[in-house]
Amino acid sequence: MLKMDNTTLAAAHWEGGSNNTTASHPCKPEELGTFIPIFLSVVFSVGFILNSISLWIFWFGIKRWSGGMILQFNLALADAIITPAAPFMIAYFSLSHWPFGQFLCQLKVFLLSTNMYGSIYFLTLISIHRYISVVHCTKKTILKEEKFVKIVCTGVWVLLFAQGFPFFFVLKTTEMYNATQCLNMHQDDLIVLYFVWNTVILCTGYIIPFFVSIICYGLLASFIVKLNPNQLKSKHMKVKSMEMILVSLTIFIICFLPVHVSRTFGISLKFFYPDQCETLGIIELIYYKCLALSSLNCCLDPLLYFFSSKKFKESLRNVVSSIKCWNKKQN
């Protein structure tokens with residue numbers, strides 16, 4: 001009965017007609033301390049350097065792109081798109097206040113959504129492409145064609161834009177306890193929107209891509225263990241594929257699973273039991289730590305390029321050699 005009553009109250013408050021005590025005295029956002037801003041500063045700085053190098057290698061160091069290379073380049077773009085939002089996120093977590101206005105709040109959330117789900121979608125496409133390229137290497141399929149891969153990548157960017165663009169119309173900042181909040185689960189007037197959005201994006205943006213990746217990599221692993229270990233080509237393929245599987249699943253599990261679980265738990269608790277402030281405060285802290293952890297994907301994705309592409313590895317070595325030669329000349 002409590003569940004039904006609180007759901008009704010939350011919906012009524014969404015319509016602007018609730019005068020209950022929870023609505024008039026919402027839970028106070030937790031103070032985040034200094035760890036999360038410092039952690040994000042380090043991660044975004046390292047990620048910016050690694051992705052800048054990766055994009056430079058893709059664009060200038062590799063002349064001929066395969067289908068897999070096109071997907072990896074788009075993954076690097078998805079990682080790089082968070083760069084303009086990074087300073088605003090660090091400032092917001094440091095101040096526990098959003099002083100930059102509503103439009104920049106909407107832009108930050110749009111870039112954050114595009115970054116996270118762009119990474120997930122392109123990691124999933126890479127797993128599908130890798131499975132087809134290795135297991136069905138002798139079969140001619142449209143999924144291997146570069147032109148088709150480019151069309152798929154364009155479709156993903158259109159999807160990401162469609163997912164994020166509504167934020168510019170429905171998301172708003174909220175004044176709470178003498179501070180402005182931007183995309184905070186304590187914003188009572190947006191909780192129904194957050195609940196619906198999270199339910200949809202959890203399924204389409206994480207659960208389905210994750211299981212598709214697990215299936216593809218499971219079938220790939222089953223195939224490569226049966227290869228003749230005495231053949232050099234088979235041995236190289238085994239190592240290369242296992243490295244890709246390990247990095248991809250690590251990103252899915254370490255970076256993206258905790259943030260989706262904690263966010264879903266927090267929004268559900270706020271939606272159904274909005275007066276449980278103490279429990280919500282604990283979950284809120286866990287969620288923001290998981291959100292900071294999810295940013296590690298921009299540092300881990302370059303490992304995928306290094307392990308999966310011989311051309312990328314050779315180009316990176318050339319870059320490192322050029323830097324060493326330049327340093328010797330300067331000294």
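Just to check I understand the Karplus step: with θ = phi - 60° and J = 6.51 cos²θ - 1.76 cosθ + 1.60, what whole-Hz values come out for the range 297-305, glycine and proline as x?
Each residue's phi maps through the Karplus curve to give 4, 6, 8, 8, 4, x, 5, 5, 5 Hz.
Using DSSP to call loops (not H, G, I, E or B), can you name the chymotrypsin sites (Phe, Trp or Tyr not before Pro) in the range 175-275 whose Cβ has at most 13 other Cβ atoms within 10 angstrom?
Tyr177
How much length is gained if the chain between Met242 and Leu219 is pulled fully straight, taking 0.36 nm per residue apart and subtracting their Cα-Cα distance, in nm to one decimal?
Extra length available between Met242 and Leu219 comes to 7.1 nm.
Under a 10 Å cutoff between Cα atoms, tell me which one of Ile53, Ile120, Ile142 has the largest fluctuation in the Gaussian network model of the chain.
Largest GNM mean-square fluctuation: Ile142.
Under the rule of at least 5 residues apart or a separate chain, name every residue whose amide H is placed under 5 Å from the amide H of Met176.
Amide H to amide H, under 5 Å and 5 or more residues apart or across chains, Met176 pairs with Gln181.
Stretched out fully, how many nm does the piece from Ile151 to Ile49 gain, at 0.36 nm a residue minus the Cα gap?
Answer, rounded to one decimal: 33.9 nm.
What do the square roots of 5 times the Cα gyration tensor eigenvalues come to for the range 65-211, in whole Å, largest first, as semi-axes of the equivalent ellipsoid?
36, 15, 12
In the structure shown, do any of Lys140/Lys310; Lys140/Lys240; Lys108/Lys311 have a Cα-Cα gap over 32 Å, and if so which?
Long pairs (Cα-Cα over 32 Å): Lys108/Lys311.
Explain nothing, just compute: Karplus ³J(HN,Hα) = 6.51 cos²θ - 1.76 cosθ + 1.60, θ = phi - 60°, for every residue of the range 41-55 in order, whole Hz, x for Gly and Pro.
Calculated HN-Hα couplings, in order: 4, 5, 5, 5, 5, 5, x, 4, 5, 5, 6, 5, 5, 4, 5 Hz.
With the contact rule set at Cα under 8 Å and sequence spacing of 6 or more, what percent relative contact order holds for the chain?
Relative contact order comes out at 28 percent.
Please state the charge dipole magnitude for the chain, taken about the Cα centre, from unit charges on C-beta atoms (+1 on K and R, -1 on D and E), reported in debye and rounded to the nearest 20.
With Lys and Arg at +1 and Asp and Glu at -1, about 2500 debye.
Quick one: putting +1 on the C-beta of Lys and Arg, -1 on the C-beta of Asp and Glu, what dipole do you get for the range 18-159 around its Cα centre, in Debye to the nearest 20?
Taking the Cα centre of the range 18-159 as origin, the dipole is about 720 debye.
Taking 0.36 nm per residue of separation and subtracting the Cα-Cα distance, what length does fully extending Ile282 through Thr199 add?
That works out to 27.8 nm of additional length.
From the convex hull of the Cα coordinates of the chain, what is the mean projected area in square nanometres?
20.9 nm²
For the chain, set up a Gaussian network in which alpha carbons nearer than 10 Å are linked by springs, and say which option among Asn198, Asn297, Asn51 fluctuates the most.
Asn198
For the range 119-130, what does the Karplus curve 6.51 cos²θ - 1.76 cosθ + 1.60, with θ = phi - 60°, yield as ³J(HN,Hα) per residue in whole Hz, taken in order and with x for Gly and Pro?
4, 5, 5, 6, 5, 5, 5, 5, 5, 5, 5, 5
Any read-out appearing in this document is the output of simple, stated calculations on the displayed coordinates, not a laboratory observation. Just so you know, these numbers come straight off a predicted model, no measurement behind them. Ideal geometry is used to build each Cβ from the backbone, glycine not excepted, and the neighbour counts take in all protein chains shown.
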